[in-house]
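These notes concern the structure reproduced below.
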Amino acid sequence: MLVNAADDPLVHESLLSIPKSLSEKRENVMFVLPLHGGHLGFFEGSMLLPEPLTWMDKLVVEYANAICQWERSKLQCADTEQVEAGLE
């Protein structure tokens, strides 16, 4: 998963063609371009009271959770198919 926010002040828009091109060529590569988020290292909140995690940290956790849920649903589907086929 390649991630960059569209409003990242440190990465010029012209550089986004590199991860986009790679994700179009490779089935196992995903390019995510949220509209907002700033630079990946930026913290949310204020300068005096920043949150301990960046939005990137949160995105990686959400992505990992989605993969786990998808894997669990595949296993449940396989179990259901086996029961319906009388294989269990």
*Those residues of the range 1-43 which are in a loop (DSSP other than H, G, I, E, B) and among the β-branched types (Val, Ile, Thr), in sequence order*: Val11, Val29
*Answer yes or no as to whether Glu88 is at pLDDT 80 or above, loosely packed, with under 10 Cβ neighbours inside 10 Å, part of a loop (DSSP other than H, G, I, E, B) and not polar (S, T, N, Q).*
no
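The values are calculated or read from the model by the stated rules, or taken from the named source; none is laboratory data. Note that the structure is predicted; figures quoted are calculated from it, not measured. Note that each Cβ is placed from the backbone with ideal geometry, even for glycine, and that neighbours are counted across all protein chains shown.
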